[in-house]
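The block underneath contains the structure these notes are about, expressed in structure tokens.
The values are calculated or read from the model by the stated rules, or taken from the named source; none is laboratory data. In this text the structure is predicted, and so the values were computed from the model without any measurement. Glycine also receives a Cβ, built like all others from the backbone with ideal geometry; neighbour counts cover every protein chain displayed. For accessibility, only protein heavy atoms count, side chains too; no ligands or nucleic acids. Shrake-Rupley method; radii C 1.70, N 1.55, O 1.52, S 1.80 Å.
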Amino acid sequence: MNLRASIGLGAASILLAGCHPPAPDGSLVVTQTPADAPPPAAATVMDARYPPGSRVVLLSPPFRTDRVLVLSRGLFAAGDPCVSWDGRWVYFAGKSSEDAAWQIYRANAGGGRPERQTQMPGGAMDPAIAAHGELLFSSPVPKSDRLWPAAEPAELYRQMPGQAPGRLTFGGTGAVGATVLRDGRVLYVGAEPRDDRHAQRHLCLFTINNDGTEVTAYACQEDGVDFIGRPRELGDGRIAFLAARTGDPGAMAWAECVRPAAPFATRGNLFPFRSAGCRSVGPAGGGDVLACVETSGWIGRSMTANAAVYRVAADATAIGAPIFDDPRWNSVEATPVAARDEAAGHTSAVMPGALYGTLLCLDVNYSCEPSAGQNPAPAAELRVLARVGPGQERSLGTVPVASDGSVIVQLPADVPLGLDTLDAQGRVLRHQAPSFWLRPGENRACVGCHEPRNRAPANTRPLATMQKPAHLGLVDPRNVP
């Protein structure tokens, strides 16, 4: 798109915004799915999540069923809304017809026809907004029942207004459900790497910077759970999310949370009361939580009741009465329409055009996991693996380990990478399947190999840094599928 077209598009957006009043104070954006809809013959995970007729609506106080404004009008189905930092725009996933691909749309929070923001060949889902109005989303949309694992896993992308999308994640195990934290990091749901790509995936939370650098395990890596979904940062800094013991996040999901000071050690229930049947949780302002929960089993409700919207106070001991409940619809997602502080931005460390990044490991022998066969020998070499296709890995070579356990090596950028530590006889001590990556020009450091998370490294200069970095597999990563 040329500059004149971009300016014209921006002017049109401003004029369009001016045609509609802002959303009234205290409004909510809610996703509604038909309560009586039969199970769909879903082609994708989004079709299963949002059956035909699903819609995104604006609710204004006092939240009456006859005062609902449809923001996704004209679309075949829609859901998964998020609100811009200034509270003026609502982004959501939608599809224009039964056979169309899911894409990301935007509508004025006060009403108006939705405008498509993406045009991804495999579809797009899970929108989030980063600093400066940057749109984040996952693509492609996986086939139904094939989210974990998928032949072509969904990865995270970013897109500035009027620009082409750019890919952020390259782990090859999937990256969905992104949300932007106040410090600017992107939190998302991914799967722990497995050598058997057909094995059941263990889902966890990961973070990256907003340029895709510094992928880091955040929480739930130590806990076995079949499903984790829709993480959101609450007003007190806790990260709330859905969890379930089944691959279907429907009626069996409940609400959990972790604390940001020690997310790997503080996992627990979000509420002190039963929350089975929870569809979504998120901040409500003032320390409260918005929760969409199925009403089946509650007093006065049948076992086939719908999902309603609740506002749960920080000190609540019971869920209380819903603030919005329409028996004709399942209210499955809710978020406030209000301006809030924009997430922090960061200067990118990515060097466009660079073909490699640099990895520094301070001590490959430092680990909280036992080595293969309980072999106590220190590592003599580090072998680097790259995924070159579904279920296909190849070795990029080995580099020697310094006497203090440190290694520094330059590796191909934007390629799923894995590591093996080897003893002097070439036997594998520890193995990590390809799952992390380096962005072009990124300088990445790690403390050890699955090291304890509550320990700081020694304040000494690694011996490996006293020599030039080794080079492995410096090929154009664009030639690696």
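Quick notes
- Of residues in the stretch 35-60 being over 20 Å from ALA107 (Cβ atoms), open to solvent by less than 70 Å² (accessible area, probe 1.4 Å) and over 26 Å from the mean Cα position of the chain (by Cα), the one modelled with the highest pLDDT: ALA35
- Selected residue (criterion: surrounded by the most Cβ atoms within 10 Å (Cβ to Cβ)) from residues of the stretch 96-132 that are touching a helix residue (DSSP H, G or I) at 6+ places or on another chain (Cβ under 7 Å) and part of a loop (DSSP other than H, G, I, E, B): TRP102
- Within this structure, ALA276 fails the test of being under 20 Å from the mean Cα position of the chain (by Cα) and in a loop (DSSP other than H, G, I, E, B).
- Filter pass, GLY162 being open to solvent by 20 Å² or more (accessible area, probe 1.4 Å), small (Gly, Ala, Ser) and modelled with pLDDT under 95: yes
- Consider the stretch 448-465 and keep the residues that are touching a strand residue (DSSP E or B) at 6+ places or on another chain (Cβ under 8 Å), assigned to a loop (DSSP other than H, G, I, E, B) and under 14 Å from ASP404 (Cα atoms). The one that is modelled with the lowest pLDDT is CYS449.
- Subset of the stretch 386-395 [more than 15 Å from HIS431 (Cα to Cα) and assigned to a strand (DSSP E or B)]: VAL388, GLY389, GLN392
- One residue from GLY184, GLY171 being farther than 29 Å from LEU385 by Cβ, part of a loop (DSSP other than H, G, I, E, B) and open to solvent by less than 10 Å² (accessible area, probe 1.4 Å): GLY184
- In the stretch 20-48, the residues that are more than 26 Å from PRO283 (Cα to Cα) and part of a strand (DSSP E or B) reach residues that are open to solvent by 20 Å² or more (accessible area, probe 1.4 Å) and of a type in the set (S, T, N, Q) with C-beta atoms within less than 9 angstrom, at least six apart or across chains, in these pairs: THR44/SER144.
- Flag for GLY184 being under 16 Å from VAL215 (Cα atoms) and modelled with pLDDT of 95 or more: yes
- Selected residue [open to solvent by 50 Å² or more (accessible area, probe 1.4 Å), outside any loop (DSSP other than H, G, I, E, B), farther than 15 Å from ALA464 by Cα and not acidic (Asp, Glu)] from ARG430, ARG340, ARG383: ARG383
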